[in-house]
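Contents: one structure, followed by commentary.
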Amino acid sequence: MTITLHGSVAEMVQEQVSTGSYQSAEDLVYEALEALVRHKIDEGINEGIADIEAGRSMELRHDNIAEVLAKPISQW
């Protein structure tokens, strides 16, 4: 895959590689994508915690799974 960066983004990547912060542009992109994935996971966790705190959750137990799955998702 080839990615072309322009302007200040290209300059920032080149600076990071030139100063030795990263061995290559690919290493920088890889680390940036890892950070993005961690951020998305954290957002999902925080959203889940907020849902629980706001009462938008239900307890799933072995004796209520069939009942929960029978409901439309909008009623979960």
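Every number here is computed from the coordinates shown, using simple stated rules; none is lab data. Just so it is clear, the model here is predicted, and its values are computed rather than measured. In this analysis, Cβ positions are derived from the backbone assuming ideal geometry, glycine residues included, and neighbour counts consider all displayed protein chains.
Figures for the structure shown
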{"quantity": "Rounded D (µm²/s) - the stretch 1-64, Kirkwood Rh over Cα pairs, Stokes-Einstein at 25 °C, 0.890 mPa s", "calculated": "162 µm²/s"}
{"quantity": "Residue (of M58, A35, T19) at the positive-pole extreme of the chain, dipole from beta-carbon charges", "calculated": "M58"}
{"quantity": "Highest-first arrangement of 23-31, 43-51, where packing means the average Cβ count within 10 Å", "calculated": "23-31, 43-51"}
{"quantity": "Span from the the stretch 4-29 Cα centroid across to the the stretch 31-50 one, whole angstrom", "calculated": "24 Å"}
